[in-house]
Amino acid sequence: AQSVTQLDSHVSVSEGTPVLLRCNYSSSYSPSLFWYVQHPNKGLQLLLKYTSAATLVKGINGFEAEFKKSETSFHLTKPSAHMSDAAEYFCVVISRSGGSYIPTFGRGTSLIVHP
Amino acid sequence: DGGITQSPKYLFRKEGQNVTLSCEQNLNHDAMYWYRQDPGQGLRLIYYSQIVNDFQKGDIAEGYSVSREKKESFPLTVTSAQKNPTAFYLCASRDSRSNTEAFFGQGTRLTVV
């Protein structure tokens, strides 16, 4: 079985300050991990992915995430928040489950950026 | 352009009516998924299909039905048995042979009155 826990339902930062969105996972097999962003009433856009290559992954819009197997974590960071980063963020794990690969989502973290 | 298309974007239905949401992809993906999104609950899996003419129930399949007659298409029917159908519905597709990412449509917001 696999699961994802996003530790914060809301994160509030000021523009120009660092962003940290936390994600922990559990998986019976070597997982692939993803972060997606969703703006209101839109679909999900892939920010970055980890698929067993480098543990520090760089994505679009200045975001990056580090896969830490010992901590079962895949936290998303950005050095300096921009107003346009305000959105919902989802951490996703995909690993093999009964012969299938099923994406499992965290509950999401709403990022609020103050001017 | 390759992609995944959901239609319509907004849908209103009266209580007790069945309604079908469309999802089409031209990415040549064999796996397709339907998720339901409610505030604060993330995305919950309704149904998925790994191959044409085959599909599996997800975590919240009750009150929903699907078909997969063509690789490109995976329509979702919300039946009158679904107790609380008002939600945002997202369709996704991916290459099922590996652990690659899923691609999402823009979603359909269903409101039942």
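Average accessible surface for chain B: 50 Å² per residue, computed with a 1.4 Å probe over protein heavy atoms with every protein chain in place. Would the stretch A:40-115 count as rounded, prolate or oblate if I go by the C-alpha gyration tensor, calling it rounded below 1.5 in a/c and otherwise prolate when a/b exceeds b/c, oblate otherwise? Verdict is oblate for the stretch A:40-115. Between chain A and chain B, the total buried accessible area stands at approximately 1900 Å², from heavy atoms with a 1.4 Å probe. Projecting the Cα positions of A:91, B:80, A:79 onto the charge dipole of the protein assembly as shown (unit charges on Cβ atoms of Lys, Arg, Asp and Glu, taken about the Cα centre) puts B:80 furthest along the positive direction.
Short to long, the 5 Å bins of the Cα pair-distance histogram for chain B hold 2, 13, 24, 26, 19, 10, 4, 1, 0 percent of all pairs. From largest to smallest, the equivalent ellipsoid semi-axes obtained for the protein assembly as shown from the alpha-carbon gyration tensor read 29, 21, 15 Å. Karplus-based coupling profile of the stretch B:97-113, in residue order and whole Hz: 7, 8, 9, 7, 6, 9, 10, 10, x, 8, x, 10, 9, 9, 10, 10, 10, with θ = phi - 60° in 6.51 cos²θ - 1.76 cosθ + 1.60 and x standing for Gly or Pro.
The values are calculated or read from the model by the stated rules, or taken from the named source; none is laboratory data. None of the values given here were measured: they were computed from a predicted structure. Every residue, glycine as well, gets a Cβ built from its backbone with ideal geometry; the counts of neighbours run over all protein chains shown. To get the accessible areas, we keep the full protein, side chains included, count just its heavy atoms, and leave off ligands, DNA and RNA. Shrake-Rupley method; radii C 1.70, N 1.55, O 1.52, S 1.80 Å.
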